[in-house]
Structure formats: structure tokens, C-alpha cells
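Down below is the structure, laid out as C-alpha cells.
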Amino acid sequence: MALRCVNNLLRKQAAKELCIAMGIRLVTDSQIVDLAANARYHALFIDLEHSSLTLRDASQHCMAGLQSGLTPFVRVPYQCGNGFVQRVLDGGAMGVVFPHIHGKDDAAAAVSICKYPSQGKRSMTGQLPLFCLKPTSQDVIISETNANGSTVCVMIETKESIENIEEIASVPGVDMLLVGSNDLAIELGVPNQFKSEVFRAALVKISQACRKHSKIMGLAGIYDNVELHSWAINELGIGFILGGQDSGFIARAANESAAAIVGIERSRI
């Protein structure tokens, strides 16, 4: 029995195509996943680091994503513990995003909790959402999940991580190095200055490490910036972009709607 849903990140990477994700940090109703599918996103970025979403909310979004063909990734809180990560994976996530990865040991620990033996130390259970809750042999669970259902995404967002980028990228089992643009820019002393030479030089360094060690490079935190996205895609070889968050989409649409109404000149009767 195969996994319930194709891993769009890995599929797109194999085809040398871009995987675009929609972030969910505010909306608890899983109908938000239908909106993401309607907008033709490929993946979900369910945020448990900077939100009040619960594990149950994340699991519901993951299962909706699996049913809709959107690959669900969950960002966990920093230093949340292996038990928390285990529950995220058992709840239907096809990958976990680990923030503030500083060095090789952090990256190796992320791989260890996400992968079943012999690649890691993840604990086995039955009736997993990735297999439609159907009884599945352990050898199939291990092989299918380790290969395609437990993507390891490590976030690069500190000076230390840039200094150790070669070691981080070399860790077996790490699939993607995801740039946390806002935190990284702040750490580099250029907050929100994504056009600065300092910030761009850091991204080039990450790109070189990803190419050398055959890792996917991802970009998060920069939205509606065509010039930078074009540079990242065509020059750096970015394979994953977080296109925006639900909260941002709602806020922007609300502002645009209100402004349009206010802008209508009241006719005099």
C-alpha cells in the first residue's frame, strides 16, 4: 500500500519545478485547505511556532491536505521536544519544519526523530493518516514514510547557521534548508532589508551549500516581491517558496475591500 498523498515537494524537485506553499497560522476550520487547493498551491505550511493552533487543529489541516492532494508540512515550536514532533507526524504531517537550526547536531537530531530505524529513532504505531488509517505492514510503513512521508526541513535563520551551513547541508536525511528571512535579516543587522548585499550574500552561501550537498533550498517570510523571488528562483535555484499566510491574505483583502468602499464618492440626492 502506498502513501495516501504524493509528496509534492519531492515530486516537484525531481521535475526541477517550484513547490509553492500556503501558510496557515490563524484559521482553525479546515475548509481553508479547500481555498489553498482552489488557489493551486502545492503544499501547506501549518504553523505551530507562531500561532495558537493546537495539535488537533494541525492534524485536521493535515488530513484535509492529504485528501485534497496538498502536501502538509508542520512547523513546530523551537525546542518543543521529540514527543511533540512524534505527535505531529502521527497526526498526518508529511514533513516537519524545525526552526533555529544552528549546527550539524541540531540537524541530525531533527532527522533522528522524523525517521524510523535504521535512519532514525521514531517510534512505531498503527493506523496512520498517511495510510488512510488502514492496517499496514511495518516494513511498508518504514520504507514509504522514510522515503516520502517524513520530509525534514531545517530553518536557516541565524548567524551561527550561516557559519555552519556546510555542515548542516551535509547531514544525511535533511531534505530542505528553508531560509527564515525575517529572523535571518535581523540577525545579520539588516532587518527587513532583503535587497541588501549582506542578506543576499547569505542566501548565495546557502544556495551553494544546497547545490553541493543536493538539498532543496526554500524561502519563507518574503511575500509579494517579484524581483527577489525571480532572483531566488532563477539564480539561486530555490525549490520551495512560502507564498503567504492566511492571516496576511485576510488582512490584505479586508483592507482592499474597505478602501474600495470608502473611496466611492457619495452621490448627493
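The values are calculated or read from the model by the stated rules, or taken from the named source; none is laboratory data. Owing to the predicted nature of the structure, the values given are computational and were not obtained by experimental measurement. All Cβ positions, even for glycine, are placed from backbone atoms using ideal geometry, and neighbour counts span all protein chains on display.
Scanning the stretch 229-269 for residues that are among the basic types (Lys, Arg) and either farther than 20 Å from ILE32 by Cα or loosely packed, with under 10 Cβ neighbours inside 10 Å (or both) returns ARG266, ARG268.
Can you confirm whether GLU166 is of a type in the set (D, E, K, R), surrounded by 15 or more Cβ atoms within 10 Å (Cβ to Cβ), modelled with pLDDT of 95 or more and farther than 29 Å from GLN31 by Cβ? Taking the combined requirement at face value, the residue does not satisfy it. Taking the criterion of being of a type in the set (A, V, I, L, M) and surrounded by fewer than 16 Cβ atoms within 10 Å (Cβ to Cβ), the residues of the stretch 189-228 that qualify are VAL198, ALA201, VAL204, VAL226.
Taking the stretch 104-128 as the region of interest, how many residues are of a type in the set (Asp, Glu) and either within 21 Å of LEU219 (Cβ to Cβ) or crowded, with 21+ Cβ neighbours inside 10 Å (or both)? Here the count works out to 1.
Those strands (runs of 3 or more DSSP E) of the stretch 165-269 in which at least 2 residues are touching a residue at least 40 places away in the same chain (Cβ under 8 Å) and more than 24 Å from VAL111 (Cβ to Cβ), considering only elements entirely within it, cover 240-245. Looking at the stretch 188-200, is at least one residue touching a strand residue (DSSP E or B) at 6+ places or on another chain (Cβ under 8 Å), at positive phi and not hydroxyl-bearing (Ser, Thr, Tyr)? Within the stretch 188-200, not a single residue is touching a strand residue (DSSP E or B) at 6+ places or on another chain (Cβ under 8 Å), at positive phi and not hydroxyl-bearing (Ser, Thr, Tyr). Within the stretch 104-136, the set of residues being touching a helix residue (DSSP H, G or I) at 6+ places or on another chain (Cβ under 6 Å), assigned to a helix (DSSP H, G or I) and not aliphatic (A, V, I, L, M) comprises LYS104, PRO129. Every residue in the stretch 146-163 that is surrounded by fewer than 22 Cβ atoms within 10 Å (Cβ to Cβ), in contact (Cβ under 8 Å) with a residue 24 or more places away in the chain and part of a helix (DSSP H, G or I), please. ASN146, ASN148, LYS159, GLU160, ILE162, listed by residue number.
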